[in-house]
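To keep things clear, I will list the structure first and then write my remarks on it.
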There are 2 protein chains.
Amino acid sequence: MTKPHKDAKPVLGIVGVGLIGGSIGLAARRSGKFGDLVGAGRNPGKLAKAKSLGCIDEGHGDLGVLARRADVIVFCTPVDQIVAQVISIAGQCKPGTLITDAGSTKALIVAEVEEHLPEHVEFIGSHPLAGSEKTGAEYARSDLFDKRLTIITPTERTPAAVERRAEEFWTSLGSRVARLSPEEHDRALAMTSHLPHLLASALAGILPKELHEFTANGFRDTTRVAAGEPALWAPIFLHNQIELIEAALGLQHRLIEFTEALLAANEPALTRLLADGKKVRDDLGS
Amino acid sequence: MTKPHKDAKPVLGIVGVGLIGGSIGLAARRSGKFGDLVGAGRNPGKLAKAKSLGCIDEGHGDLGVLARRADVIVFCTPVDQIVAQVISIAGQCKPGTLITDAGSTKALIVAEVEEHLPEHVEFIGSHPLAGSEKTGAEYARSDLFDKRLTIITPTERTPAAVERRAEEFWTSLGSRVARLSPEEHDRALAMTSHLPHLLASALAGILPKELHEFTANGFRDTTRVAAGEPALWAPIFLHNQIELIEAALGLQHRLIEFTEALLAANEPALTRLLADGKKVRDDLGS
């Protein structure tokens with residue numbers, strides 16, 4: 001038997017076993033490239049559920065246990081918790097441990113982690129574009145990352161070998177990988193994710209109760225992401241404050257163009273504005 | 001054999017055999033309550049396709065043929081064509097013919113048709129809330145209206161018997177039916193359909209090409225309806241000009257609240273705004 005012992009494969013640590021963390025566990029198991037899948041989180045019930053669903057092999061309330069065992073660690077916790085958690089456990093990690101995260105913002109997280117990280121561990125920011133308005137390991141899927149894009153965000157301080165390890169990690173889960181600087185990431189995501197969330201939430205939030213019954217698929221699609229957890233999204237918005245405000249101003253400018261065309265009953269202008277949107281939407285595919 | 005001859009059942013005329021008209025045909029056939037399904041439209045290719053898909057039994061380029069044969073006629077044409085088409089054929093209709101439509105706006109259509117309709121036919125406005133960004137009979141489905149809501153818009157001039165006939169018609173296609181005045185309809189739909197479309201289009205329209213690859217499900221859901229046909233939607237927006245501008249101003253107000261909370265880094269305020277949206281969206285269901 002030449003097959004290596006299970007423990008020869010890298011141990012994967014997953015901090016936060018919700019939709020993303022749970023799916024990372026399932027996809028890592030499917031890949032066959034990891035040894036034990038070690039989960040950690042504050043909520044024993046959620047850890048037990050993730051374990052029963054096969055997302056992790058063991059769950060710990062104590063991050064230290066995970067830190068001492070894992071070769072690769074992914075933080076799948078809310079963006080406002082990642083920095084403190086990474087720094088709190090980095091000292092206990094084995095030399096050469098790769099730490100990354102799945103947070104929806106990158107500039108602030110990467111800057112603060114890089115400032116405080118001890119030299120014997122490696123960090124690179126990541127963001128798999130595979131979220132959902134759903135939360136919890138019960139929605140985790142082994143194919144959540146298949147054909148999706150994960151953005152990794154190296155900086156001038158990131159060794160090429162660390163980039164490669166991160167790329168191999170996400171690729172092993174089924175994802176494609178792109179590279180952006182943390183700042184480029186946040187500028188892009190302000191437009192592609194944070195502004196849509198803000199808009200969906202604004203639109204849902206102003207719908208009077210008596211009109212609920214007159215909504216159909218269009219309203220439901222347009223506002224779907226508004227069902228996301230406010231406690232997760234408020235910190236994302238605040239991490240990306242400036243870029244998100246800028247994106248919102250761009251949107252407001254376009255809304256004013258629509259309003260002006262409407263006021264003037266300018267059908268060609270309205271049609272052009274609608275055609276602009278259709279062209280982009282058709283490009284994106286279903 | 002006591003079963004009535006097929007011709008004893010009412011002949012259904014469908015003007016415009018796209019997604020909605022085609023689905024009306026399929027649902028009417030499924031109901032077993034109609035005799036011949038007579039389609040009409042300007043495009044011979046689309047009529048032939050609708051016929052081959054079973055949406056209609058015969059297709060005519062000439063609205064007059066349909067007018068002379070049908071007992072019930074539904075106009076599924078763009079909102080800026082319905083009035084002229086109804087008026088152009090009403091004189092040729094049989095006495096007691098029920099005419100309705102499936103247009104996304106009602107006040108202007110109903111007022112103009114009521115002003116010009118001859119006395120021997122009946123008209124009531126309808127709007128089945130079952131549209132889609134897709135167009136064409138190839139997407140038609142016999143169950144498109146099942147459990148969906150159709151709003152009928154009687155006025156003080158609408159006989160109760162006409163309301164009942166319209167309600168029976170849409171119910172026979174699988175739809176639930178609600179009643180609103182044409183003006184109430186337009187105010188409601190400005191908020192539940194036309195504003196979401198405007199927003200989706202605005203958001204899609206400002207996405208730079210280089211960010212297309214960084215979109216994921218959230219952006220796609222939020223902008224899905226922007227793929228609708230500009231030539232259909234510009235007239236809808238213009239029919240509902242005032243109500244839509246008012247809805248857009250309400251949305252802009254909420255966007256400013258978000259922007260202020262962001263600028264002030266006011267996390268409780270942001271969380272409240274997001275929670276407002278989540279509450280409504282959770283209420284609507286998937």
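Tabulated results
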read-out	value
Residues located in segment A:140-168, provided they are exposed (fewer than 15 other Cβ atoms within 10 Å of the Cβ) and hydrophobic (A, V, I, L, M, F, W, C)	A:A160, A:A161
Within segment A:78-96, tally of residues that are surrounded by fewer than 23 Cβ atoms within 10 Å (Cβ to Cβ) and either among the polar types (S, T, N, Q) or in a loop (DSSP other than H, G, I, E, B) (or both)	9
Given (1) in contact (Cβ under 8 Å) with a residue 60 or more places away in the chain; (2) outside any loop (DSSP other than H, G, I, E, B); (3) surrounded by 20 or more Cβ atoms within 10 Å (Cβ to Cβ), index of the condition B:R30 fails	(3)
Residue in segment B:55-66 that is buried (at least 17 other Cβ atoms within 10 Å of the Cβ) and either in contact (Cβ under 8 Å) with a residue 60 or more places away in the chain or not assigned by TED's automatic domain parsing to the domain that holds B:G125 (or both) present	yes
Residue satisfying condition, being assigned by TED's automatic domain parsing to the domain that holds B:L98, of a type in the set (D, E) and in contact with a Ser or Thr (Cβ under 9 Å, 6 or more places away or on another chain), within set B:D143, B:D221	B:D143
In segment A:169-217, residue surrounded by the fewest Cβ atoms within 10 Å (Cβ to Cβ) [restricted to those that are in a helix (DSSP H, G or I), polar (S, T, N, Q) and facing another protein chain (nearest Cβ under 9 Å)]	A:N217
Test for B:A269: is it outside any helix (DSSP H, G or I) and of a type in the set (A, V, I, L, M, F, W, C)	no
Residue within segment A:242-263 that is closer than 20 Å to B:E210 by Cα, more than 7 Å from every other protein chain (Cβ to nearest Cβ), in contact with an Asp or Glu (Cβ under 7 Å, 6 or more places away or on another chain) and not β-branched (V, I, T) present	yes
Residue under evaluation B:L232, criteria (1) at the interface with chain A (Cβ under 7 Å from one of its Cβ atoms); (2) buried (at least 16 other Cβ atoms within 10 Å of the Cβ); (3) not β-branched (V, I, T), criterion not met	(1)
Residue match in segment A:49-62 (condition: within 17 Å of the chain's Cα centre (by Cα), of a type in the set (S, T, Y) and under 18 Å from A:T135 (Cα atoms))	no
Search result, residues across segment B:109-122 that are in contact with a Ser or Thr (Cβ under 7 Å, 6 or more places away or on another chain) and surrounded by 23 or more Cβ atoms within 10 Å (Cβ to Cβ)	B:V110
Leading residue by the ranking (farthest from B:G103 (Cα to Cα)) among those in segment B:52-77 that are among the acidic types (D, E) and in a loop (DSSP other than H, G, I, E, B)	B:D57
Criterion violated by A:A204 - all others in (1) under 23 Å from A:A188 (Cβ atoms); (2) without any contact (Cβ under 8 Å) to a residue 60 or more places away in the chain; (3) of a type in the set (G, A, S) satisfied	(1)
Filtered residues of segment A:37-51 (kept if in a loop (DSSP other than H, G, I, E, B) and crowded, with 18+ Cβ neighbours inside 10 Å)	A:G41
Residue within segment B:115-128 that is modelled with pLDDT of 95 or more, within 29 Å of B:G45 (Cβ to Cβ) and among the hydrophobic types (A, V, I, L, M, F, W, C) present	no
Top-ranked residue in segment A:264-278 [being closer than 18 Å to B:P208 by Cα and at the interface with chain B (Cβ under 7 Å from one of its Cβ atoms); ranked as surrounded by the fewest Cβ atoms within 10 Å (Cβ to Cβ)]	A:A275
Condition check for A:N266: more than 19 Å from B:S132 (Cβ to Cβ), touching a His at 6+ places or on another chain (Cβ under 8 Å) and not charged (D, E, K, R)	no
Within segment A:154-168, considering residues that are of a type in the set (D, E, K, R) and in a helix (DSSP H, G or I), the one nearest to A:I109 (Cα to Cα)	A:E163
Residue check, A:I109 under 12 Å from the mean Cα position of the chain (by Cα) and not in a loop (DSSP other than H, G, I, E, B)	no
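One line per residue, one yes/no per condition, for (1) small (G, A, S); (2) at positive phi; (3) in contact (Cβ under 8 Å) with a residue 24 or more places away in the chain:
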site	(1), (2), (3)
A:D80	no, no, yes
A:A84	yes, no, no
A:A90	yes, no, yes
A:L98	no, no, yes
A:D101	no, no, yes
A:K106	no, no, yes
A:V110	no, no, yes
A:P118	no, no, yes
A:E122	no, no, yes
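The values are calculated or read from the model by the stated rules, or taken from the named source; none is laboratory data. Since the model is a prediction, treat every value here as computed from it, not as a measurement. Cβ sites come from the backbone with ideal geometry, for glycine too, and all protein chains shown count toward neighbours.
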